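Q: Take this structure first; my questions come after.
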Amino acid sequence: MIRVALFEDIKEIRELLSETIENCEGLLMTGAYANANDALKVMKRDRPDVVLMDIQMSGISGIEAVRTIKASFPEIQILMQTVFEDNARIFAAICAGASGYILKDASPERYLDAIIEVSQGGAPMSPVIARKVLTMFQGQNTAAPKEEYHELSPTEQKVLGCLVRGLSYKLIADECKISISTVNFHLKNIYRKLHVNSATEAISKALRQQLTSS
Amino acid sequence: MNTRIATLLFFIWLISIPSLAQECIELGSSKVSVSVGLKCGVLEDSEATLTLHSVQKIPFKKTMSTIPNSGYTASVVWVKINVLKKGEKRWYLEIDNPRLNDVTLYVIHEKKLVYTQKLGDGLPFDAYFIPDRIPIFNLPLVSNQSYTLYLRAVSTEDLKLPLTFWEERELYAHLAGKNLIWGIYFGFILLITLYNFFLWFVTRDSIYGHYSLYVLFFGAFQFCLYGFGYQYIWSNSVFNDRSHIFFLGLSGVFLTYFSLYFLDPYKRFPWLKLFMKTAAYVFAVGFTVCLFWYNFYINVVFITAAAIMVGIQCYSAIGLAWAGSKMAQLYLLASGALSVAVLVVGMKNLGWIPADNQDYYLMAGSMFEIVLFSLALGYRLRSMQLEKLRQQQVRDEISTNLHDDLGASLSSLTMLSELNRRKIQKKDPELAEMFGRISERSREAMRLVREAVWEINPHNDTSEEWVDRMVTFAQDTFGARQIEFELLIDDSLRHEQFPIDQRRNFFLIFKEAVNNIAKHSGATHAKVFFEKKNGVLKLLISDNGHGFDIAQATEGNGLKNFQKRADSLGAVLLLQSSPQSGTCIQLTFRA
């Protein structure tokens, strides 16, 4: 059973989406909330596996909420919901600790798939986001002290490179001569290293600078 | 001086009785210069029949102004000066008017002609004894003897005779000082011209071009008017007499255009645009005609026309300034400075007020004007920057509102109908299909909003975002059809700056190609390759679909649009298609 918590500020959507998730086999709604102001309390009580987080909400922003949740509950996977493919914001959310995003106009089937994918470690990265992640790893290994910094392994780098080119998991698996589930495993690791690195002081500073300048 | 008094004086001068005895000027050894002033007699010969012989028998009128001035006239003017030479110094007579065509000096001693010399810009400059743009006569006078000097002068321009006797050493000091002032002035003109030219070159804002040319031609006008053209460039060629009108006309045309751009008075005075442009053309025709046909009264016509133009421009500027336009106020101040100078010089030339130092009035007036105009241009630049900033803010606001409000509403609409579709699917399949259609439509609307937000959001003016947009589009379109794809995009393209319209055309071509593959090719795999090499951008889009018959497809609209877009981009479009190898589109162009 995957336990799901939902943060969404539009009432009808919140209700219908919870109903849909509840009716899906293998998923369990633990709660649906209009804002993330009490996110930590909610996490403590609900203990979800996956959080669906609206990127823009009244009260504290989705990105801020991701950062707080991840700091206390690193094992919770967070899926961002966004109206537009706003790359800068999505990237910021991913750096803050989100493991994927979904556009709000996606079909319910796609929504449910994404929840399941994220619970397994990470949703597929779009080429644009993958590129941002890759440049971040390339540009920031000098910014952090060695002991705090988690470098990408050569295979992970290769996988990320393939994602930048827009290749599907199947083609990535072919090209790297690994299985599809291994691709998933590497992706999960990329997300993890990104989150860990982003949490270190030096990089979060550099990241903030990068975000404000873009 | 009041105009009424000036006019009164002018009439008094006309009817004044001939002087009985004329004062004598003493060129003594203690003096270095003597201004002739009122100590001369004047005779205007409108028939141009008098000779040196006959003129000696006629009484001269005593001059009423310190500078004998006949304005613009076809008459011959005679001046008579009595001189007593003392001491051993060498003396010269300067006539500070380089526009005299023909001026002859006769030196009479005891009723005999002892010396004569001819000057004026009708003669080649080489004939000048003292190499300066103004006529300077050498006076070989013997000590302790009195002479009577007669000057006979003709000019198609203003016939005025500012006369001064100079001792040799002082003359050279005086000329050097004058030329220094003129050098500074022309340096100033050149500097402003070049500065505005470079501004135009960089900004391509035509107002700087017009201003630069206006200043240049106004400088050229003075260069001609004050005899520098004669001295340094064309000597006594035909162009000499008419050159100042030619350049004044040119500068007038550019001033008019400059004013039109600067004041932009069309809204308040719609008739002005037509009038000013027409006037500019009339000016243009006028000065061209002057090159072929010229007479002294052209000057009067031109001064009048220029005064009317300045008047109208001032009138429109006053209107705008009154309405609170700061730019118009500065403009008014600037053109006011020049207008005053032009008015003074015009009255001096017409002989209404004393004619001394006329060149410095124009010089100072135009310098004030140019400095004030430069200030006004700076102010204009600043207000344009502010306006741009404001527009940017509005764009920001619009795109944020579109993004947040409209986007959020549309996405909730999509989501609501999608969720309802899923909920009702089993109970009422027909209604479920309706919901499906609603979500499809709102998704489409969402896509349009996303494009619109992208277009107006100023942050997307950088090409980094632009390349990402291509990637996202390919991902969305191919992803929706389960087409495997591969993007190979040169990273250096992200730093490329494209003009916006070029970027739009390019993106539209890209979109259409990607859409065609997704909808029609039946491909399972697509490749996008985009690179820049040696300044040439190359886009390659290929698929493994079933291809199409290019000859047949050329008839249709799809390919025509493609070609049209490629043409407006200045790009070369190559198409290859076959059932075996699929379709390949290659687009090469220079950014």
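The values are calculated or read from the model by the stated rules, or taken from the named source; none is laboratory data. Keep in mind it's a predicted model, so treat the numbers as computed, not measured. Counting neighbours? That spans all protein chains shown, and the Cβs are built from the backbone with ideal geometry, glycine included.
Q: So, in segment B:415-458, how many residues would count as being facing chain A (nearest Cβ under 8 Å) and surrounded by fewer than 19 Cβ atoms within 10 Å (Cβ to Cβ)?
A: 1
Q: Follow-up question, since we're still on this one. Say we look at segment B:360-407 and pick out the residues that are more than 29 Å from B:Gln329 (Cβ to Cβ) and more than 14 Å from chain A (Cβ to nearest Cβ); which of these is modelled with the highest pLDDT?
A: Residues of segment B:360-407 more than 29 Å from B:Gln329 (Cβ to Cβ): B:395-407.
Next, only the ones that are more than 14 Å from chain A (Cβ to nearest Cβ) stay: B:395-398.
Values: B:Arg395: 80, B:Asp396: 81, B:Glu397: 84, B:Ile398: 80.
If we take residues in segment B:360-407 being more than 29 Å from B:Gln329 (Cβ to Cβ) and more than 14 Å from chain A (Cβ to nearest Cβ), then B:Glu397 is modelled with the highest pLDDT.
Q: Now for a separate question. Can you name every residue in segment A:36-56 that is more than 21 Å from A:Glu109 (Cα to Cα) and either more than 17 Å from the chain's Cα centre (by Cα) or more than 14 Å from every other protein chain (Cβ to nearest Cβ) (or both)?
A: A:Ala36, A:Asn37, A:Asp38, A:Ala39, A:Leu40, A:Lys41, A:Val42, A:Met43, A:Lys44, A:Arg45, A:Asp46, A:Arg47
Q: Any residue in segment B:487-503 that's within 14 Å of chain A (Cβ to nearest Cβ) and within 12 Å of B:Lys532 (Cβ to Cβ): show its pairings with residues that are modelled with pLDDT under 75 and in a helix (DSSP H, G or I) at Cβ separation under 6 Å, as long as the two are six or more apart or on different chains.
A: Short answer, once both residue conditions are applied: B:Arg494/B:Glu464.
Q: Which of the residues that make up segment B:27-57 are within 14 Å of B:Ile108 (Cβ to Cβ) and surrounded by 14 or more Cβ atoms within 10 Å (Cβ to Cβ)?
A: Scanning segment B:27-57 gives B:Gly41, B:Leu52, B:Val55, B:Gln56.
Q: Would you check if B:Tyr331 is without any contact (Cβ under 8 Å) to a residue 60 or more places away in the chain, surrounded by 17 or more Cβ atoms within 10 Å (Cβ to Cβ) and of a type outside the set (A, V, I, L, M)?
A: The answer is no for B:Tyr331.
Q: Please determine whether any residue of segment B:348-363 is surrounded by 18 or more Cβ atoms within 10 Å (Cβ to Cβ) and closer than 22 Å to B:Asn196 by Cα.
A: Yes; the residues of segment B:348-363 include at least one that is surrounded by 18 or more Cβ atoms within 10 Å (Cβ to Cβ) and closer than 22 Å to B:Asn196 by Cα.
Q: Residues of segment B:55-72 being under 39 Å from the mean Cα position of the chain (by Cα) and small (Gly, Ala, Ser), which ones?
A: The answer is B:Ser70, B:Gly71.
Q: Would you confirm whether or not segment B:507-522 contains a residue that is in contact (Cβ under 8 Å) with a residue 40 or more places away in the chain and not in a helix (DSSP H, G or I)?
A: No, segment B:507-522 has no match at all.
Q: Would you pick out the residues in segment A:18-35 that are at pLDDT below 90 and either within 11 Å of another protein chain (Cβ to nearest Cβ) or crowded, with 21+ Cβ neighbours inside 10 Å (or both)?
A: Those that are at pLDDT below 90 and either within 11 Å of another protein chain (Cβ to nearest Cβ) or crowded, with 21+ Cβ neighbours inside 10 Å (or both): A:Glu19, A:Thr20, A:Asn23, A:Cys24.
Q: Within segment A:91-111, does at least one residue satisfy the condition of being more than 25 Å from B:Ser417 (Cβ to Cβ), within 14 Å of chain B (Cβ to nearest Cβ) and assigned to a helix (DSSP H, G or I)?
A: Quick first cut of segment A:91-111, residues more than 25 Å from B:Ser417 (Cβ to Cβ) only: A:91-99.
Now narrow it down to the ones that are within 14 Å of chain B (Cβ to nearest Cβ): A:91.
After this cut, where a residue has to be assigned to a helix (DSSP H, G or I) as well, the list is A:91.
Within segment A:91-111 (the criterion being more than 25 Å from B:Ser417 (Cβ to Cβ), within 14 Å of chain B (Cβ to nearest Cβ) and assigned to a helix (DSSP H, G or I)), the answer is yes, since at least one residue qualifies.
Q: Related question: Can you tell me which of B:Gly324, B:Gly252, B:Gly346 is out of contact with any Asp or Glu (no Cβ under 6 Å at 6 or more places or on another chain) and on the phi > 0 side of the Ramachandran plot?
A: Exactly one residue qualifies, and that residue is B:Gly324.
Q: Going by the conditions given, is A:Ile129 away from chain B (no Cβ under 11 Å), part of a helix (DSSP H, G or I) and either closer than 21 Å to A:Arg67 by Cα or modelled with pLDDT of 85 or more (or both)?
A: In short, no.
Q: Name the residue, out of B:Val310, B:Val301, that is at pLDDT below 80, out of contact with any strand residue (DSSP E or B) (no Cβ under 7 Å at 6 or more places or on another chain) and part of a helix (DSSP H, G or I).
A: Step by step, each of B:Val310, B:Val301 is checked, and only B:Val310 is at pLDDT below 80, out of contact with any strand residue (DSSP E or B) (no Cβ under 7 Å at 6 or more places or on another chain) and part of a helix (DSSP H, G or I).
Q: Within segment B:5-43, count every residue that is more than 30 Å from B:Lys89 (Cβ to Cβ) and at pLDDT 90 or above.
A: Final tally of qualifying residues: 0.
Q: Considering only residues that are surrounded by 17 or more Cβ atoms within 10 Å (Cβ to Cβ) and of a type in the set (Gly, Ala, Ser), look in segment A:174-201 and name the one that is farthest from A:Ile69 (Cα to Cα).
A: A:Ser198
Q: For A:Ala5, indicate whether it is within 14 Å of another protein chain (Cβ to nearest Cβ) and either out of contact with any strand residue (DSSP E or B) (no Cβ under 7 Å at 6 or more places or on another chain) or at pLDDT 90 or above (or both). Can you show your working first?
A: On the way: within 14 Å of another protein chain (Cβ to nearest Cβ): no; either out of contact with any strand residue (DSSP E or B) (no Cβ under 7 Å at 6 or more places or on another chain) or at pLDDT 90 or above (or both): yes.
Considered against the rule, which asks whether it is within 14 Å of another protein chain (Cβ to nearest Cβ) and either out of contact with any strand residue (DSSP E or B) (no Cβ under 7 Å at 6 or more places or on another chain) or at pLDDT 90 or above (or both), A:Ala5 comes out as no.
Q: Considering only residues that are assigned to a loop (DSSP other than H, G, I, E, B), touching a residue at least 40 places away in the same chain (Cβ under 8 Å) and under 13 Å from the mean Cα position of the chain (by Cα), which ones fall in segment A:57-77?
A: Taking segment A:57-77 and keeping what is assigned to a loop (DSSP other than H, G, I, E, B), we get A:57-61, A:73-76.
From what's left, touching a residue at least 40 places away in the same chain (Cβ under 8 Å): A:57-58, A:74.
Passing the criteria: only A:Pro74.
Q: Among the residues in segment B:523-533, are any over 18 Å from B:Ala474 (Cβ atoms) and either in the same structural domain as B:Thr588 (by TED's automatic domain parsing) or surrounded by fewer than 20 Cβ atoms within 10 Å (Cβ to Cβ) (or both)?
A: Within segment B:523-533 (the criterion being over 18 Å from B:Ala474 (Cβ atoms) and either in the same structural domain as B:Thr588 (by TED's automatic domain parsing) or surrounded by fewer than 20 Cβ atoms within 10 Å (Cβ to Cβ) (or both)), the answer is yes, since at least one residue qualifies.
Q: Go through segment B:221-253 and report how many residues are within 17 Å of B:Ile303 (Cα to Cα) and assigned to a helix (DSSP H, G or I).
A: 17
Q: Could you check A:Gly59 against (1) modelled with pLDDT of 90 or more; (2) over 18 Å from A:Ile115 (Cα atoms) and say which number it fails?
A: Among (1) modelled with pLDDT of 90 or more; (2) over 18 Å from A:Ile115 (Cα atoms), the lone unmet condition for A:Gly59 is (1).
Q: So which of B:Ile245, B:Ile189, B:Ile233, B:Ile181 is surrounded by 18 or more Cβ atoms within 10 Å (Cβ to Cβ), among the hydrophobic types (A, V, I, L, M, F, W, C) and out of contact with any Cys (no Cβ under 7 Å at 6 or more places or on another chain)?
A: Exactly one of B:Ile245, B:Ile189, B:Ile233, B:Ile181 is surrounded by 18 or more Cβ atoms within 10 Å (Cβ to Cβ), among the hydrophobic types (A, V, I, L, M, F, W, C) and out of contact with any Cys (no Cβ under 7 Å at 6 or more places or on another chain), namely B:Ile189.
For every residue, the table says whether it meets (1) touching a helix residue (DSSP H, G or I) at 6+ places or on another chain (Cβ under 9 Å); (2) over 24 Å from B:Glu451 (Cα atoms).
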position	(1), (2)
B:Ala513	yes, no
B:Asn516	yes, no
B:Ala526	yes, no
B:Gly547	yes, yes
B:Gln563	no, no
B:Leu569	yes, no
B:Val572	yes, yes
B:Gln576	yes, yes
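Q: Another question about this same structure. Conditions: (1) within 14 Å of another protein chain (Cβ to nearest Cβ); (2) part of a helix (DSSP H, G or I); (3) over 22 Å from B:Leu575 (Cα atoms). B:Gln482 meets all but one. Number of the miss?
A: So the condition that B:Gln482 fails would be (2).
Q: If I filter segment A:153-173 down to residues being at the interface with chain B (Cβ under 10 Å from one of its Cβ atoms) and in a helix (DSSP H, G or I), which single residue comes out as farthest from B:Met470 (Cα to Cα)?
A: A:Lys170
Q: Give me the pairs, please: first residue somewhere in segment A:167-179 and assigned by TED's automatic domain parsing to the domain that holds A:Pro154, second residue anywhere and surrounded by fewer than 13 Cβ atoms within 10 Å (Cβ to Cβ) and small (Gly, Ala, Ser), beta-carbon distance under 7 Å, and either six or more positions apart or on two chains.
A: A:Ala173/A:Ser179
Q: Does segment B:257-267 include one or more residues that are out of contact with any Lys or Arg (no Cβ under 9 Å at 6 or more places or on another chain), farther than 21 Å from B:Leu338 by Cα and at pLDDT below 85?
A: Taking every residue of segment B:257-267 in turn, at least one turns out to be out of contact with any Lys or Arg (no Cβ under 9 Å at 6 or more places or on another chain), farther than 21 Å from B:Leu338 by Cα and at pLDDT below 85.
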